[in-house]
1. Rule-of-thumb check for segment B:157-251: C-alpha Rg over 2.2 N^0.38 Å?
2. With runs of 4+ DSSP H residues as the only contributors, calculate the mean residue ellipticity of chain B at 222 nm using -39,500 (n - 2.57) per run, divided by the residue total and rounded to the nearest 500.
3. From the phi of every residue in segment B:249-260, what ³J(HN,Hα) in whole Hz does the Karplus formula 6.51 cos²θ - 1.76 cosθ + 1.60 yield, where θ is phi - 60° and glycine or proline is x?
4. Tell me, how many Å apart are the Cα centres for segment B:66-131 and for segment B:13-31?
5. Would you mind computing, in nm to one decimal, how far apart the modelled labels at B:K83 and A:I139 are, each placed 7 Å from Cα along Cα→Cβ?
6. Quick check on chain A: helices-only [θ] at 222 nm, where DSSP H runs of length 4 and up contribute -39,500 (n - 2.57) each and the sum goes over total residues. Nearest 500, please.
7. Under 5 Å between amide hydrogens, which residues at least 5 positions from B:G242 or on another chain qualify, with H placed 1.01 Å from N in the peptide plane?
8. Residues of B:61-74, mean number of Cβ from any other protein chain within 10 Å of their own Cβ, rounded to a whole number?
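The values are calculated or read from the model by the stated rules, or taken from the named source; none is laboratory data. None of these values were measured; they are calculated from a predicted model. Virtual Cβ from ideal backbone geometry, glycine too; neighbours counted across all protein chains shown. With ligands, DNA and RNA removed, areas are computed over all heavy atoms of the protein, side chains included. Shrake-Rupley method; radii C 1.70, N 1.55, O 1.52, S 1.80 Å.
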Amino acid sequence: MYRLSRLRYLFPIGLFIMFFLDGSLSKIFASFFFSYPYATVSQLTLLWFVMAYFFEGDIQIPLTFFAVIAGVVADVYYSGILGLFIFLYPLIVWLTRVLAHSFNPSFLTSILIFFIDVAAFEFLNYLAYNIVGVTTMSIVDFVVDVLTPTLALNLVYFVVLYWPISAIFKWATKGEN
Amino acid sequence: MRKFFSNRRLVMIVVALVVAFGLMGGSVTLRNNRLTPPLIQQFGNDIIGFGNDIIASPANAVQNVFTNYSDLLNTYHENKELKQQVAEVAQTKVRDQVLAKENKQLKAELNMKNSMTDYELITAAVITRSPSAWQQQLVVNKGQSSGIRKNMPVMSAGSLIGRVEEVNKTNSKIELLSDTSEAANRFAIEIDGKNGKTVNGVITGYQSETNELVMGQVTTKASISKGTKVYTNGMGGITPKGLYVGKVSRVGKDDYGLAQKVYIKPSADFNNLNVVSIAKTDN
């Protein structure tokens, strides 16, 4: 039961930290993330959702609900254009669920699913912004300058944070069994 | 496949798409046409801004420690170079003071009100940056309550870096010149050409490959030499006159060979911004 587990506190606190770390890291390492012509997007929030799905075990965290909340906050605070992340975060949670059903859980399949998640997220983000007119970047530039470095950075996040986050969730779900 | 596209789900997807694009289109239009976002959005932004401080303050403190350390390593070398410039700056400053005083007296004589060269700077600290590839946005810790309004130009280290995109009560979003959106960097600028001619124009784009601002559609015959300083010309009423933008790095022809295209190297580093100042005109 989510209500009775330690995850009830741990998951929202982690989400809070990861969400604002995305912005802080983008500011602090700006010369590294946004060195011309590349633009790298930090996706720790997405990482937290995907990891939470992998490690929650029998405890069902209301991920979709939190994804909507995170989406609203990202829309209002980070982009100022409403209506994108509020749908995108829940969509990625749903995508993770669908993909996870067709693979046996392991480190390699997890990283593969996260790879697809990030690529889908960035692509849909690009598509929507292109339609609305926020960006006029061509698709080739998008793949070379945005998608590639973004995937690289977030896979590094994944590899570095997989075991620590796994340990945290193990501790948080231990009380249950 | 038939299960996936069951009626209910299809309707939900269509509704979600319509709502998403409706909201996005609506907020882009609102943002372009209104001076402030809706009150509920401002309120949300203010609350989230406070929350952000919990994470951003320690993160920025750590960054400052590292910046200070690397600054320290460069100090000796920098000091040597700067000493040479100090004497020169003092002279310029004195001259500037005298001219400003004279200007004031002359304006009083003519019964002229404040002109576009009179402005004050509001200093603000950068809290965070949008983790986005397309929106080069910063969030700073000053808002309407400090007198900041939409579209005010933003400076850092003595040169132009962007404009205020959205103001809330206690924080605001700044769009950098390097943003790829259409309206991010349309500043009216002026370049002193050879033989006393002035070239006026508008920044029409940004080239991320070379980190250069582009001033297109220049039809005057005045020749512009490399290294000339570029500054805002005060047209449009919100941006004061005389804000430093950068230096001319090269001059070329546009795609049809009719007009000149001037490339400007901005002097600010858009990726190393901790404190910015927002220029507020007096009139």
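1. 1.13
2. Result for chain B, helices only: -13000 deg cm²/dmol.
3. 9, 6, 10, x, 9, 7, 4, 9, x, 8, 10, 7
4. For segment B:66-131 versus segment B:13-31, the Cα centre distance is 44 Å.
5. 6.1
6. Calculated at 222 nm, the ellipticity per residue is -22500 deg cm²/dmol.
7. When sequence neighbours closer than 5 places are left aside, the close amide H contacts are B:T232, B:N233, B:G234.
8. What the average comes to for B:61-74 is 1.
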